[in-house]
Amino acid sequence: MNVSSPGRPRFPAASWALAGLVAAALFTSGLIRSFHDSTPRLPGLPAPFDSLLFAGSLLAGLAVLWARRNGRDRFTPLREPHQLTLPQVLPLVFVLLLEKWTTGPVLEPILDRLVARLENPPLADAAFRGLSAIGLLAVGFLGAFVLRQSWPRIRAVMHPGRIPAALLFLGISVAGTGLVAWGTGILVHAPWGWLPRPPGVLIAVTLAQVARGLAEEAWYRGILQVTVVRLLLQAGFPGGRGVRVAGILLVAGAFTLEHLDPARGLALQRGELVWVFAMGTLLGTLLEVSRNLWLVAGVHALVNLLVALVFPLPITPDGVPVLPPGVLATILVFLSFAGVVAAHRRRGFA
């Protein structure tokens, strides 16, 4: 319930501006991921401290310490008059900048040196993805600590008690997707096969894709989406479907920008970006429907494995899957939705 004090506008102008700052921070962080190699450097400082990301993280971190010391970052209970303030937004800005600096200028050179020792390119790529996912997961947990006002909601969607339900829904979704693939293979008389890989590479790719799915969902949906929705509520937006949809779309947009490849033309990756945005929207909606981050992370990991062609699938004589992995991934996500809705008899958000 949104309560406004007498004489105060329902949506104060400052809250609108700061809600825009939240959106701008998310989209800027997405672009930084794609273009951080072009980020200007500060003269006279050694790497990685010569990055403007470090300067921004340091300044934002000092501002967060000041706000936290004075209690200015605390949220007003939603049943009381409230509006969004800059000290309440600063922790999110700090966490976004710190994540980009840590996983970019700090972590990437270290991982590049580590994987350079691996002579097998697919194995090196899998190692890089897996180790970078672990780094993102570590920064995500630090971010959850900094975002203390959102922590109760973050902790709720990550509660270990939700794991059994997640495993049940994932099992049903995998079985349903497998039946679709099996039936399609029978209809077109296609044999089963997969992308040939040495056993060591296959294991590395599997572990890396699972770690990447878990880390990205913990960061994007478990931390960012939950925090953005809470900030929008603090800004005065009424609770309910609208504010949840806004949070889903904002984070899905940032998620899509992070998949933008500046080395390729936009026209060449337009279809991929549309698919990434759609998948980010579906995963964000699945979190709001189920309130179960374990389920969402598991779905993301399985989607990664499908796209990486880890699972055997019906293939044509030319070695191409009969059903594109993206189609099977979409079926998997929708089956997960169906399982949650059927189990809870729920049509809307939890």
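Go through Ser34, Ser15 for me and flag whichever is crowded, with 17+ Cβ neighbours inside 10 Å and touching a residue at least 60 places away in the same chain (Cβ under 8 Å).
Criteria check complete, one pass: Ser15.
Could you say which residue among Leu309, Leu335, Leu302 is of a type outside the set (Gly, Ala, Ser) and on the phi > 0 side of the Ramachandran plot?
Being of a type outside the set (Gly, Ala, Ser) and on the phi > 0 side of the Ramachandran plot holds for just one of Leu309, Leu335, Leu302, which is Leu309.
Taking Gly319 and the conditions (1) within 30 Å of Pro152 (Cβ to Cβ); (2) among the small types (Gly, Ala, Ser); (3) outside any helix (DSSP H, G or I), which numbered condition does it fall short on, given that it satisfies the others?
Among (1) within 30 Å of Pro152 (Cβ to Cβ); (2) among the small types (Gly, Ala, Ser); (3) outside any helix (DSSP H, G or I), Gly319 violates only (1).
Which one is farthest from Leu78 (Cα to Cα), of the residues in region 150-182 that are in contact with a Gly (Cβ under 7 Å, 6 or more places away or on another chain) and among the β-branched types (Val, Ile, Thr)?
Looking at residues that are in contact with a Gly (Cβ under 7 Å, 6 or more places away or on another chain) and among the β-branched types (Val, Ile, Thr), I get Ile172.
Quick one: what pairs do we get from region 197-211, first residue in contact (Cβ under 8 Å) with a residue 24 or more places away in the chain, second among the aromatic types (Phe, Trp, Tyr), C-beta under 9 Å, 6+ apart or different chains?
Leu202/Trp194; Ala208/Phe128
What is the one condition in (1) in a loop (DSSP other than H, G, I, E, B); (2) at pLDDT 90 or above; (3) not acidic (Asp, Glu) that Val245 does not satisfy?
Tallying (1) in a loop (DSSP other than H, G, I, E, B); (2) at pLDDT 90 or above; (3) not acidic (Asp, Glu), Val245 fails exactly one: (1).
Based on this model, can you work out whether Glu108 counts as farther than 26 Å from Arg230 by Cβ, in a helix (DSSP H, G or I) and free of Cβ contacts under 8 Å to residues at least 40 places away in the same chain?
Criteria met by Glu108.
Which of the residues spanning region 1-49 are hydroxyl-bearing (Ser, Thr, Tyr) and at pLDDT 85 or above?
If the condition is that a residue be hydroxyl-bearing (Ser, Thr, Tyr) and at pLDDT 85 or above, then Thr28, Ser29 are the ones that fit.
So which of Pro312, Pro262 ends up being more than 21 Å from the chain's Cα centre (by Cα) and modelled with pLDDT under 90?
Pro312
Does Val310 count as assigned to a loop (DSSP other than H, G, I, E, B), hydrophobic (A, V, I, L, M, F, W, C) and in contact with a Lys or Arg (Cβ under 9 Å, 6 or more places away or on another chain)?
yes
What pairs can you find where one residue is in region 287-308 and within 11 Å of Gly213 (Cβ to Cβ) and touching a residue at least 40 places away in the same chain (Cβ under 8 Å), the other is surrounded by fewer than 24 Cβ atoms within 10 Å (Cβ to Cβ) and basic (Lys, Arg), and their Cβ atoms are less than 9 Å apart, with a gap of 6+ or different chains?
His300/Arg212; Ala301/Arg212; Asn304/Arg212
Report, by residue number, each residue of region 28-68 that is closer than 30 Å to Ile248 by Cβ, of a type outside the set (A, V, I, L, M) and out of contact with any Leu (no Cβ under 6 Å at 6 or more places or on another chain).
Correct list: Thr28, Arg33, Phe35, His36, Asp37, Ser38, Gly61, Arg68.
Answer yes or no: is there a residue in region 132-154 that is farther than 28 Å from Leu65 by Cα and surrounded by 13 or more Cβ atoms within 10 Å (Cβ to Cβ).
no
One line per residue, one yes/no per condition, for (1) of a type in the set (Ser, Thr, Tyr); (2) surrounded by fewer than 17 Cβ atoms within 10 Å (Cβ to Cβ); (3) without any contact (Cβ under 8 Å) to a residue 40 or more places away in the chain:
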residue: Leu187; (1), (2), (3): no, yes, yes
residue: Gly193; (1), (2), (3): no, yes, no
residue: Gln234; (1), (2), (3): no, no, no
residue: Val245; (1), (2), (3): no, yes, yes
residue: Gly265; (1), (2), (3): no, yes, yes
residue: Glu272; (1), (2), (3): no, yes, yes
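The values are calculated or read from the model by the stated rules, or taken from the named source; none is laboratory data. None of the values given here were measured: they were computed from a predicted structure. Neighbour counts run over all protein chains shown; Cβ positions are idealised from the backbone, glycine included.
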